[in-house]
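The values are calculated or read from the model by the stated rules, or taken from the named source; none is laboratory data. Predicted, not measured: the structure shown is a model, and the values here were computed from it. All Cβ positions, even for glycine, are placed from backbone atoms using ideal geometry, and neighbour counts span all protein chains on display.
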Amino acid sequence: MTDKPLPRTLIEAVEFFADETTCNQMLLEIKWPGGKVVCPKCGNESCHELSTRPGQLKCNKAECQKQFSLKKDTIFEKSPLSLSLWFVAVWHIANCRNGISSYEVSRALGVTQPTAWFMLHRIREAMRCDSFSGGPKLAGEVESDETFVGGKAKNMHAKKREQLTGRGGVDKAAVQAIVERGGNAMTFVPDRLDRENLRGNILRSVSRDSALYTDSSSPSNGLGWAFDHQTVNHSIGEYVRGRVSTNLVECFFALLKRALKGTYIAVAPYHLARYAAEQGFRFNVRGLSGAARFLRLLQGVVGKRLTYRRLCAVGDSGFMGLK
């Protein structure tokens, strides 16, 4: 990756990433591990960096000669900020247990709060992962459950309480988490909390030879034909029966809500998927060092560009995305 030893603390990281050349070299090796830079226009594998414009590359093919930025096709694309600032922000969010607010990033990096907010969402986009794109499926003993995210009615203003149409999870956003014991977690924010959505996420994310544990009241139940599926009945005070429980996924929800309530305070439903993915990423790298967490996150920045227009667009369902 680089001849210099990787940083171990935030202070070391700030000093390490102050060298823009080092940052460029790290991103270059992340995008093209084999060392052959590929032209995005013609696919030519012979390119060079412009000596007068660090971070800018040019295709050597006479018929092409395309000039392109090292940031192209990453979450950093078309950002006027230096990679030095970006990498410190990536280090921050990867290593803060309960997340970090855009106001704190704004003060730490010397950028405006809207800029910091946009940066953090682009980094969260790099944290998103699932098995749909060819990644490994969860296996072994797997727990699945759902939780609702939203304020308590008793804490709301009277006018907002009048808008509620029911109790419990009504008018709240739902998060589904699937957690492998001793392994990784995957999160989903379904637009509808029904069997089709919840079962579909489990079937696409969990290996068929796994043991699946859920709460007996979950809409995702009835998967005994696909897994060794067992449930616990919380309504009668049953939380553990031998190996069967959903305690791990409940612990994951506790960490998620600690970040949402303690750090982010108010999260729009159409952004919730990225906040859930952030906590999922943090859970998955819990055993790694600070430098290893940073590198794992940096490996996810390629091919995940997020524009401000797409970030702030809300579809008919109320969730992020352009039609």
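Figures for the structure shown
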item: Selected residue [out of contact with any Pro (no Cβ under 8 Å at 6 or more places or on another chain), part of a strand (DSSP E or B) and more than 30 Å from Ala276 (Cβ to Cβ)] from Lys4, Lys58; result: Lys58
item: Residue within the stretch 8-23 that is modelled with pLDDT under 90, assigned to a loop (DSSP other than H, G, I, E, B) and within 22 Å of Lys304 (Cβ to Cβ) present; result: no
item: Contacts under 8 angstrom Cβ, first residue in the stretch 77-102 being farther than 15 Å from Trp117 by Cα, partner small (Gly, Ala, Ser) and part of a loop (DSSP other than H, G, I, E, B), 6 or more apart; result: Leu83/Gly55; Ser84/Ala18
item: Helices (runs of 4 or more DSSP H) enclosed by the stretch 61-130 - at least 2 residues per element that are buried (at least 21 other Cβ atoms within 10 Å of the Cβ) and under 16 Å from the mean Cα position of the chain (by Cα); result: 83-95, 113-127
item: Ala291 modelled with pLDDT under 95, within 19 Å of Ile100 (Cβ to Cβ) and either in contact with a Gly (Cβ under 6 Å, 6 or more places away or on another chain) or loosely packed, with under 15 Cβ neighbours inside 10 Å (or both); result: no
item: Given (1) surrounded by fewer than 22 Cβ atoms within 10 Å (Cβ to Cβ); (2) more than 22 Å from the chain's Cα centre (by Cα); (3) modelled with pLDDT under 95, index of the condition Gly150 fails; result: (2)
item: Any hit, the stretch 27-46, residues being surrounded by 12 or more Cβ atoms within 10 Å (Cβ to Cβ), more than 23 Å from the chain's Cα centre (by Cα), in a strand (DSSP E or B) and among the basic types (Lys, Arg); result: no
